[in-house]
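Report on the structure given below.
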Amino acid sequence: MTTRTAVDGRAAFDARNLLIHAALIFGSVVMLLPFGWMLATSLKAPPQIFTYPPTLIPNPVVWQNYVDTVRAMPFGRFYLNSLFVAVSVTTLQILTASLSAFAFARLRYRGREALFLVYLATLMIPFQVTMIPNFILIRYLRWYDTFYALIVPTAFSAFAVFLLRQYFRGIPVELDEAARMDGASSLRIWARVIMPLSGPVLAALTIFVFLGSWNDFLWPLVVTNSNATRTIPVGLASFQGQFNTDWHLLMAGSVIALLPVLLVYILAQKRFVEGITLSGMGGR
Amino acid sequence: MQIRQWQVLSILVLAALLLSACAPVAPSASDADSGAAEMPADEGPVTITWAMWGSPAEVATHQSVADAFMEERPEIQVEIAAEPWGDYFTKIRTLWASGDASVVPDVLFLSPIQSYASEGVLENLDPWIDKSGYNLDDYWPSLMEFATHEGSVYGFPRDIGLEVLYYNIDIFDEVGVPYPDESWTWNDLLAAAEQLTVVEDSGRVSRYALGMEGGKFMLWVMQNGGAPLDDMRNPSRCALAEPKVAEAMQFFKDMMDNNYAMPPANLNQAGGDAAVFQSGQVAMIIQNASRVSAFNAAGMNYDVAVVPIPDGGQRAAGAGGASWVMSALSDNKEEAWTFLQWLQSTDGGQRIYTASGEILPALQSTARSDAFLNSGQPPVNRQAFIIEGENAKIGRTGYFAEWSELNGSFISPGRDQIFTGEVSVEDGLAAICEQVDAFLAENGFPK
């Protein structure tokens, strides 16, 4: 219906509006149902979870699931660890990626494009291939079971550099030149010209990186060994056993784990939407 | 301008500080080793690391086992490294691949043993058994085969994962079907299933008589005298194209076609056999002892019986169970052996695991002790486990390194095609065998 053109006047416009809204409502129900289901399951007693016909409203509502989940493991510790790691990784990755993206987009030096291509090519290597070499490196540095192992290897990302470089290249180079005429150094141009103009892409990257770090499972599992460094996804995975899965606890834990992600999304979403409108007006 | 640069620099410094804030906070495996050396007294306790998978409840049981051991043997400290089931094996393999003895646990929970033993990462336990006179005769028949590779013992199964028939007493009473017992044959099972199944007018099955995971189909095959391969240690050919196998497959296929048995795909979607049994969507399941604690916690009214066999058939419980092994890289093998031996004794770990209600112990003496037979918890007819244990047989899985690949690539997918009706039983089995034989030839079997 979005392809239909608004030539048939006001009445048709209203009908179309209705259709669009119906479609949007349908879409949002489809999107929200899994979340609703997760919330419902987190409040059900185990025998209720797989009843047929399925029920969405738990009866009785078992708040105890949340208490049990938090008590089953050092949940608060895991939570803080996850927050610390995700915030650190996001901060560092944006810092390193924007600096190198700036170098790839703005500084002129020999072999720049070739270097960028080689760096991009690292995107082609799947994580599983580098996991064991990475692990050996971590052992060599004596970082096993420390936060270094969780943060440092993920503080650099070719994808983030690529994303930012493409965006930086769209910023008029005249702005740099004007700043340089006024005597600004490269670092200052990065900090005062490029970064302030890149709000939308930085917001998008923040969401990507934070989400990726928050959900990361295999690497934290491999490099951590004690509860002092474990993160939420590793903790939640232990509810899925060889023979049984504690769905009610798993879902309660997932609901709690979802909150910061939701918060980051809501906060960054404003910038995100702003950015889309801005770039639309800029005619990019 | 200088102020701006100073700001940028301060961001960098802050980032560096952020990183240094995450200095090592917890003793890692290697720190634990050096920690022991730093003890003021030279003869401080030796620390061994002990890895396993498990849910929080299972890990609590493991911890109580470790605590009981340390109370008895204070000179050995046991440090638990518990991982979630899903990627436990990925992690352990990565640790081994690093070749760094300080991160590899000394004692580990593993399955299957052969693929690890053939990589040379496991300690051959034969010399340790000889030296200490550890008694292997107490294990259920054929069970030690599960942890044996090329004639040598590489691990001790903690439990025997054999199946019994769980039945919902309330449903049996409601329908008026007699409870299953030792005399039941496949025909009795079918007769009961016909009464227990409830099909609505719409054609939807609101209650199946039986729920069984697809992977357990080999139980029927072996009860009927069949086997997947001609030799489960060193096969030369696929044995699934035999009439006995087809008969057993047809038996289960008919149960599904008649709505007596829940198709395995539906069973998975409905949350697994424990979920459908608890919610009353099936009246019986065929499963190992791992379900007991969950059913007891849910207060179910149920009991267990031996699995019905065909006329003239045999009991064919699979002799297998995840095993404790020692890493070949361990720096503390003496202590690890002491722990292993204690773990696998009726007075030690076996009793504690059995009391937790999660397992049928690997040692017959433990299974026949009050800890198992008279625990005061349901199910009442625990003798069913003993009968199945006495008749346990090898052959549910292959005891060679390539078995996982062979089973995962050919037998399981072929089985699913038969169950969903994509191919007939005979054609499906013939197709599986063609692929299996080609695989065996390609990999140089018989070796």
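The values are calculated or read from the model by the stated rules, or taken from the named source; none is laboratory data. Source: prediction; values computed, not measured. Note that we place each Cβ from the backbone using ideal geometry, even for glycine, and neighbour counts take in every protein chain shown.
A few comments on the model shown:
- Residue match in the range B:419-442 (condition: without any contact (Cβ under 8 Å) to a residue 24 or more places away in the chain, of a type in the set (A, V, I, L, M, F, W, C) and touching a Leu at 6+ places or on another chain (Cβ under 8 Å)): no
- Helices (runs of 4 or more DSSP H) enclosed by the range B:352-447 - at least 3 residues per element that are under 25 Å from B:ALA297 (Cα atoms): B:370-373, B:383-390
- In the set B:ASP273, B:ASP303, only one residue is within 25 Å of B:GLU58 (Cα to Cα) and under 18 Å from the mean Cα position of the chain (by Cα); that residue is B:ASP273.
- Subset tally (residues that are touching a residue at least 60 places away in the same chain (Cβ under 8 Å) and either more than 12 Å from every other protein chain (Cβ to nearest Cβ) or in a loop (DSSP other than H, G, I, E, B) (or both)) for the range A:233-245: 2
- Identity of the residue in the range B:118-151, small (Gly, Ala, Ser) and touching a residue at least 60 places away in the same chain (Cβ under 8 Å), that ends up farthest from B:ILE48 (Cα to Cα): B:SER142
- Test result for B:VAL104, touching a residue at least 60 places away in the same chain (Cβ under 8 Å), touching a strand residue (DSSP E or B) at 6+ places or on another chain (Cβ under 9 Å) and part of a strand (DSSP E or B): no
- B:ARG415 crowded, with 18+ Cβ neighbours inside 10 Å and over 30 Å from B:TYR179 (Cα atoms): yes
- Residues in the range B:263-275 that are touching a helix residue (DSSP H, G or I) at 6+ places or on another chain (Cβ under 7 Å), touching a residue at least 24 places away in the same chain (Cβ under 8 Å) and surrounded by fewer than 24 Cβ atoms within 10 Å (Cβ to Cβ): B:PRO263, B:PRO264, B:LEU267.
- Those residues of the range A:127-151 which are at the interface with chain B (Cβ under 7 Å from one of its Cβ atoms) and either surrounded by 21 or more Cβ atoms within 10 Å (Cβ to Cβ) or modelled with pLDDT of 95 or more (or both), in sequence order: A:PHE135, A:TYR144, A:ASP145, A:THR146, A:PHE147, A:TYR148, A:ILE151
- Condition check for B:SER375: of a type in the set (Gly, Ala, Ser) and over 22 Å from the mean Cα position of the chain (by Cα): yes
- Long-range neighbours under 8 Å by Cβ, at least six apart or interchain, first residue polar (S, T, N, Q) within the range A:180-208, second surrounded by fewer than 16 Cβ atoms within 10 Å (Cβ to Cβ): A:SER185/B:MET1; A:SER185/B:GLN5; A:SER186/A:LEU107
- With respect to (1) closer than 21 Å to B:MET52 by Cβ; (2) touching a Pro at 6+ places or on another chain (Cβ under 6 Å); (3) away from every other protein chain (no Cβ under 13 Å), the lone exception for B:ASP303 is condition (1).
- Qualifying positions in the range A:184-229 - within 11 Å of chain B (Cβ to nearest Cβ) and not in a helix (DSSP H, G or I): A:ALA184, A:SER185, A:PHE217, A:THR224, A:ASN225, A:SER226, A:ASN227, A:ALA228, A:THR229
- Residue match in the range A:111-119 (condition: within 11 Å of chain B (Cβ to nearest Cβ) and surrounded by fewer than 16 Cβ atoms within 10 Å (Cβ to Cβ)): no
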